[in-house]
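The values are calculated or read from the model by the stated rules, or taken from the named source; none is laboratory data. Treat the numbers as computed from the prediction; the structure is a model and nothing was measured. Every residue, glycine as well, gets a Cβ built from its backbone with ideal geometry; the counts of neighbours run over all protein chains shown.
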Amino acid sequence: MQKFLLFCLLLLAACTSAPAATQITDAPLQPYLTGTPASTATPHVLVMIDTPIPTNTPQMYSIESGDTISEIAEKFKISQSDLLAANPDANPNALVIGQTLVIPDPSAQPAAAATLTPMPVPVAQAACHPTTDSGLWCFALIQNNTSDYLENISAQVTLFDENTNPVTSQVGYLPLDVVAPNSSLPVSVYFPNIAGSLSPQIQVLSAMPGSGTSLLPALLNNTVTLIDWEGKSARVSGVVSLPAESTAATRVWIAAVAYDKHGTVVGVKRWAGEGLQPGGSLRFEFVVPSLGGVIEAVQLALEVR
């Protein structure tokens, strides 16, 4: 039985982990301890661009049930990056019904940001995996090599054909709102109905420094990862605990990032839990599937607010 180093990443200054106990199960699962995969270089072109700021004539929009960032942007004929730049507090992965968004004027020329200058965030790798329904999942691993948190991260993923002609493009986001210091998380994008051999190019649209002051000092404990014998999925479980001296949490997010033996991202899944009271704990268990090769290790990241 292979053994890997348990890696537990917390989005706070404190970071703790506990060894996982051996489990016996009748299901065909091979227990693995999560580990930190090495980042791999990518031959793709990586480009940094400025973050646009809101124009002078915005309008307001109240989020309704079923709304998504892409649908709202399409409705008002603006780009998703402009919409997110005008609403830095909006989480594209968890829009709140009734929340008011600032809609920039689509006829105005966006200006380069004067004060909110994007940080020079490196992209450690870019990888795409075809699906059985003729789609394509693409991941771009965002690396935070600084001692600060990074937030408001988005990246444009553009697919090029063999003649370097752009075919299609989408904006991708992280599974969490922030990336902890000296860690990484992938941006993910799904392209439907893709034919032929295409290569991705990544453009980081936004990446801002954050303080992490709104994060709560939660801990991950007793974390176990069970990878099935074929390596096509991994079941992760454990406990999230909140110190008694903390305030109550209204959001508990756990991101699981699956890597193959080369350190390439092959799957991402986010688990969302209910509120957590000070001194309490919350058990989690979920499955992250592989969209590419065989899963060799799983990295966990925790965000509690």
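Assess whether Ser199 counts as being under 30 Å from Asn165 (Cβ atoms), touching a helix residue (DSSP H, G or I) at 6+ places or on another chain (Cβ under 7 Å) and assigned by TED's automatic domain parsing to the domain that holds Gly172. Here the answer is no, as Ser199 does not meet what is asked. Number of residues in the stretch 135-191 that are crowded, with 17+ Cβ neighbours inside 10 Å and touching a helix residue (DSSP H, G or I) at 6+ places or on another chain (Cβ under 9 Å) equals 5.
Conditions tested, residue by residue: (1) among the aliphatic types (A, V, I, L, M); (2) within 23 Å of Ser134 (Cβ to Cβ); (3) out of contact with any strand residue (DSSP E or B) (no Cβ under 9 Å at 6 or more places or on another chain).
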{"site": "Ile202", "(1), (2), (3)": "yes, yes, no"}
{"site": "Ala207", "(1), (2), (3)": "yes, no, no"}
{"site": "Thr213", "(1), (2), (3)": "no, no, yes"}
{"site": "Ala234", "(1), (2), (3)": "yes, no, no"}
{"site": "Ala256", "(1), (2), (3)": "yes, no, no"}
{"site": "Lys261", "(1), (2), (3)": "no, no, no"}
{"site": "Val268", "(1), (2), (3)": "yes, yes, no"}
{"site": "Ser281", "(1), (2), (3)": "no, no, no"}
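For the stretch 266-305, taking the residues that are over 15 Å from the mean Cα position of the chain (by Cα) and of a type in the set (Lys, Arg), the one that is modelled with the highest pLDDT is identified as Arg283. Checking the stated criteria, Leu205 turns out to be within 17 Å of the chain's Cα centre (by Cα) and crowded, with 21+ Cβ neighbours inside 10 Å. Evaluated against (1) assigned by TED's automatic domain parsing to the domain that holds Val288; (2) assigned to a strand (DSSP E or B), Leu159 falls short on exactly one condition, (1). Among the conditions (1) farther than 18 Å from Leu300 by Cα; (2) not in a strand (DSSP E or B), the only one that Ala207 does not satisfy is (2). Taking the criterion of being modelled with pLDDT under 50, under 27 Å from Ala140 (Cα atoms) and of a type in the set (Val, Ile, Thr), the residues of the stretch 40-72 that qualify are Thr40, Thr42, Val45, Val47, Ile49, Thr51, Ile53.
In summary, His262 fulfils each of the numbered conditions (1) within 15 Å of Gly231 (Cα to Cα); (2) modelled with pLDDT under 95 with the single exception of condition (2). Assessment of the stretch 73-88 against the conditions (at pLDDT below 80 and in contact with an Asp or Glu (Cβ under 7 Å, 6 or more places away or on another chain)) yields no matching residue. Residue pairs whose Cβ atoms lie under 8 Å apart, separated by 6 or more positions or on different chains, with the first residue in the stretch 288-305 and without any contact (Cβ under 8 Å) to a residue 60 or more places away in the chain and the second charged (D, E, K, R), are Val288/Lys269; Pro289/Lys232; Pro289/Lys269; Ser290/Lys232; Ser290/Asp260.
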